[in-house]
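Quick notes on the structure that follows.
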Amino acid sequence: MPGSVEALHTEFFNALVAVLPQLDHLHYGLSDPDDRAIWGAPRRLAQGPASLFERLIRLGDVQSLPPGAVAVDVGCGLAASGVQLARRFGLVVEGINLTEAQVPLARARVAAAGLSAQVRVHHADGRAMPLPDSCADLALLVECAFHVPDKDRLMAEIARVLKPGGRLLVADQERVGPPLEVMGMFFFGAEGTLARAGEAAGLSLTAQEDVSAEIAAWMSDYARAGDYPARLGLAAWASVGGRPSAAAAFLRGSRRFDTLIRAELAARGAQERFAESPIRRLREHTAQELREGVSRYVLQRYTRLG
Ligand SMILES: C[S@@+](CC[C@H](N)C(=O)[O-])C[C@H]1O[C@@H](n2cnc3c(N)ncnc32)[C@H](O)[C@@H]1O
C-alpha cells in the first residue's frame with residue numbers, strides 16, 4: 001500500500017533501525033545539561049529518550065503497581081518501554097504496533113532480554129486491539145497519538161481495555177492553534193484534543209507536565225551535535241559492513257523522507273529554511289515550533305473512571 005501511513009512508517013523505520021541498531025526508544029528526548037558537551041557521541045543518542053521515559057513512569061507512579069499487573073503499550077515501537085516495564089517492575093506487557101516491519105525487531109529485542117514470557121508484541125492497530133475488555137492496569141501511549149488522525153477512536157479503545165481505576169500515560173505533541181498534518185504520518189491535534197477525546201471516553205486527565213522547553217533544548221543539542229545525517233552515514237558505514245541491502249534501504253528511505261518533507265514544506269512556503277538534510281531539519285523545525293510556543297509537548301496521566 002504505497003503512500004499509506006503504514007508504508008511510510010515501514011520505509012522510514014526500516015531504514016533508521018538498519019543503520020542505528022543501538023536505537024531502542026523511538027521517541028524524542030530530554031537533554032541532560034551535563035551531557036551537552038559530548039552529546040554528539042553516537043552512544044549518547046538513546047539517553048535523552050530514555051530519560052523521557054523515566055519522567056513518564058514517575059508521573060504515572062508505575063512502581064506502585066504490583067508485579068504481574070498488566071500494561072498495554074500502544075504504538076510500542078521496538079518494545080524498549082515494554083522491556084523496562086517487565087524487567088524493573090515485573091509487569092506483563094502487551095505491545096501493540098501497526099508497523100509490521102517493527103514487530104519482529106521488537107520481538108527479537110524482547111527475546112534477547114529473556115522476557116518473551118512476559119512481553120508480547122502484536123501486529124495490530126491501537127484503535128482495534130486484540131485484547132479483552134478491562135484487562136489492563138496501565139496503558140502507555142508514547143508518541144503514538146500524533147500518528148493517529150482519529151483520536152476519539154484511539155482513546156475509546158484504550159478506555160475499553162483499561163480496568164476501572166487503570167491509568168494511561170501519554171507523551172504527545174499538540175499544536176497551539178489549528179491542527180497540522182505533516183507527510184501523511186503526523187496528525188498533530190489542536191491543544192486539548194486528546195484530553196477531550198479522553199474525557200468523552202471516560203478517561204479523566206489527572207496530571208500533566210509541559211516539557212516543551214526541555215524537548216526543544218534536546219532537539220537543539222541534537223541538531224548542533226553536527227551533521228546528524230552524516231553521523232547516520234558513518235553509523236551505516238560501521239554497522240552495515242557486510243549488509244549492503246541495509247545501506248541501500250537507508251538511502252532509499254532517507255531520500256523518500258526527504259522528498260516528502262520537502263513537498264510538505266513547499267506547500268507551507270518554508271522550503272528555503274530546510275534545504276539541507278531532512279531528518280535534522282525536521283527536528284530543528286519541531287524545536288523551533290516548541291520554542292515559539294506554536295506546539296506543546298506534554299506528558300499526561302489519565303485515570304479510567306469506574
Ligand atoms: C514515534 S514511534 C514511538 C514508539 C514507542 N512508543 C517508543 O516510545 O519507543 C511511534 C510508534 O507508533 C506506531 N503506530 C503508529 N500508528 C499506530 C496505530 N494506529 N496503532 C498502533 N501503533 C501505531 C508506529 O509504528 C511506531 O512504532
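Multiplying the sequence separation of C135 and D61 by 0.36 nm and subtracting their Cα-Cα distance, what value in nm do you get?
Details: separation 74, 0.36 × 74 = 26.64 nm, distance 1.92 nm.
Taking C135 through D61 to full extension adds about 24.7 nm, to one decimal.
For L78, the residues whose amide H sits under 5 Å from its own are L26, ignoring neighbours fewer than 5 places away on the same chain, with H placed 1.01 Å from N.
Below 14 angstrom from the Cβ of L56, what's the summed charge of the other residues (Lys, Arg +1; Asp, Glu -1)? All intermediate terms of the calculation are to be shown ahead of the outcome.
Numbers: positive: R55, R58, R88, R167, R301; negative: E54, D61, D73, E143, D172, E209, D210, E214.
Charge balance near L56 sits at -3.
Where a number appears in this text, it was derived from the coordinates with a stated rule and is not lab data. Keep in mind it's a predicted model, so treat the numbers as computed, not measured. Because the Cβ atoms are built from the backbone with ideal geometry, glycine has one as well, and the counts that use them run over all protein chains shown.
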